[in-house]
1. Need the list of lysines near K103 for cross-linking: C-alpha distance under 19 angstrom, and skip anything on the same chain fewer than eight residues off.
2. For a Förster distance of 35 Å, can you work out the FRET efficiency between the beta-carbons of E233 and E362, rounded to the nearest 0.05?
3. Looking at H85, I73, W163, which one has the Cα that reaches farthest to the positive end of the dipole of the chain (charges on Cβ: Lys, Arg +1; Asp, Glu -1)?
4. Quick one: pull the percent of accessible area on the chain belonging to carbon and sulfur, 1.4 Å probe, ligands and nucleic acids left out.
5. How large is the convex hull of the Cα atoms of the range 148-290 per residue, expressed in Å³ as a whole number?
6. Considering the Cα positions of the range 61-140, please state its Rg to one decimal place and its Dmax as a whole number of Å.
7. Looking only at M375, M176, M328, which one moves most when the chain is put into a Gaussian network model with springs between Cα atoms under 10 Å?
8. Tell me the volume per residue, in Å³, of the convex hull enclosing the alpha carbons of the range 202-244.
Amino acid sequence: MSQITRRDLIKIFGASAVASTGLFGASKAAYANNAAHIVVVGGGIGGASFAKYMRLINADVKITIIEPKAEYIFCPGSNEIFSGHETLENLTVNYKTLKNRFKIDVIQDIATEINYEKHEISTSKNGKVAYDKLVVSPGPEFVYDFVDGYNAELAAGDFPHAWKTGPQTMKLKQQMESMRQGGTILISSPRMPYRCPPAPYERASFMAAALEKINPTAKILIMDSKDNYVFKEHFEHYWKDKYGFGTDNARIEWVPSNQGGTIAKLDAANKTVVTANGDKIKADVINIITEEKAGRFASANGLTDKSGWVPFEPKTFASLVHPDVYVMGDMVDANMPKTGYVASNQGKVIATAIHDILAGREPGTPFITNNCVAMAGEDFGMTITATFRYTGEGKGYSVQERRSAVTDNPYTNRVRAEVAKNWQRTFRKDMFS
Ligand SMILES: Cc1cc2nc3c(=O)[nH]c(=O)nc-3n(C[C@H](O)[C@H](O)[C@H](O)COP(=O)(O)OP(=O)(O)OC[C@H]3O[C@@H](n4cnc5c(N)ncnc54)[C@H](O)[C@@H]3O)c2cc1C
C-alpha cells in the first residue's frame, strides 16, 4: 500500500476524522481507498470461510491465503468413512473456485513468522508477504504427552488418532476391517476442549455399524478422560437399541474417567494401554484421540497465553498482541465449542468487522450460532442449536443452547440424520464453491 501522509488524509476526510485517535479512527484514514491487502494463514474451514465472505462483501481488497496443502479434506463427515457411507474423495476440496471465481490468491506454503511492526509475514519458500490485515486460522496442534509413550510417529504408524482426515483415517479403517473376529477396538476420548466434542462417540457408532456386518462379535471400548459428554443420552439410547449397550453382549462399552477410563500410558510393543488407575488393557486396535492446544504458528508468534490457547478481543476477534491481526477457529480461547460451524461463523464476523473498519465504521455487534449436528447412525441424527450473543463481559459472549430431545420416533431420527448429511454437503460448498 502506498504511504498516505497526514496532509493527504486531511484533504480526503477533513481534520476531525484524522484527529480520531482510536483504533477504528486510525483505520478509517489508512484504508479509505479499500486497497488493503488481507493475508490469511490457513485455508481450512475458518480461513476459507473468511476469505470467501470477505470477497462477497468487498470486491476491492486483495486477499491472499497462505496454505501448505493443495487440497483440504473436511473432518465433518469423516466418521462415516468407517461405515462406508462416506469417502475421502468426497470430503476433499481444492482452491480453484476461491482462486478463479472469487479472485483470492493462494500461496502454497507454510507461514512462519509475523513481523507485527512491519506488517509482514514470512513463509518457508516464498519469502515475506506484506499485509494490512492478517487473519490467522491454522487450527490446533495435537498434544501427545498426556499419554506416556504416545507420540506423532506412532500416530503416523500403527496407532493413528485420525483426528485430521487423511491417511490416518484410512489406516484406522483398514485396521478395523482386518481385525481378527471377536477383537476389540479401544478408543480413548480426551478431556475438553478438543475439536468436535461428539465426534469420538460418532466414530464408535459408525465403527459399530461396520462391525455388525464384517465382525459381529467384535467390541468397541470407549475409554474416556471425562465423566460426561455431549449427546450422551442420545448415543446411549441408540446404542441400547442397536448394540445392546449396558448388557454383557454390548458392542459398545463406555468407561468414564471416574470408573478408570483415563488412559495414562501406551505400551505400543504389546498393544496395551495402562489406565490412570494402573489397569492394563490389551486391544487389537488402539485409537487414542489426543488432547489439543493452539498450533505452533500461534505459540511461536506469541499469540497464545499460558492456557495454550489464543485470547482475543471478542467484538472483532482481533488478537490482543496487535490490532491488525485477527484470530479464529479451533485455536482461540472462546466460550464456544471448537467446531467447523463456529469457525466458519467467526470468519464471517471477522470479515464484516474488517469491512467496517476499512470503511471507517465502528464494527457492528456480532451474533454467532452453532447449529451442530451429529449422527449415531445413518438413521439417527441429533442436533444442538446454540447462540452466542456479544456482551463484552467475561469471554465476551452469553450462551444459550438447546438440544434435540431423545425420541423413539424413527421418522424424526432419520430426518435429523438427513439434516446432518445435507448440512455437511452444503457446508463444504458454502466455502469452497
Ligand atoms: C472427526 C471430526 C469430525 C468433525 N465433525 C464436525 C462436524 O460435524 N461439524 C463441525 O462443525 N465441525 C466438525 N469438526 C471440527 C472441525 O473440523 C474444526 O472445528 C474446523 O476444521 C476448525 O477450523 P480451523 O480453520 O480452525 O482449522 P482447520 O480446518 O484445521 O484448518 C487449518 C488450516 O491451516 C493450515 N495451516 C496450519 N499451519 C499453517 C501454517 N503455519 N501456515 C499456513 N497454513 C497452515 C492447515 O493446513 C489447515 O488447512 C470435526 C472434527 C473432527 C476431527
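1. K52, K62, K69, K133, K348, K429
2. Details: r = 43 Å, r/R0 = 1.24.
FRET efficiency, E233 to E362: 0.20.
3. Working it through, the farthest residue towards the positive pole turns out to be I73.
4. Numbers: 9270 of 18760 Å².
Roughly 49 percent of what the probe reaches on the chain is carbon or sulfur.
5. Values: hull volume 15.0 nm³, N = 143.
Taking only Cα atoms, the range 148-290 has a hull volume of 105 Å³ per residue.
6. Looking at the range 61-140, its Cα Rg and Dmax stand at 15.7, 51 Å.
7. Per the Cα network of the chain with a 10 Å cutoff, M176 tops the list.
8. Details: hull volume 3.2 nm³, N = 43.
It comes to 73 Å³ per residue, whole-number rounded.
The values are calculated or read from the model by the stated rules, or taken from the named source; none is laboratory data. The structure presented is a predicted model; accordingly, all values stated were derived computationally and were not measured. Because the Cβ atoms are built from the backbone with ideal geometry, glycine has one as well, and the counts that use them run over all protein chains shown. Heads up: the accessible areas ignore ligands, DNA and RNA and are worked out on the full protein's heavy atoms, side chains in. Shrake-Rupley method; radii C 1.70, N 1.55, O 1.52, S 1.80 Å.
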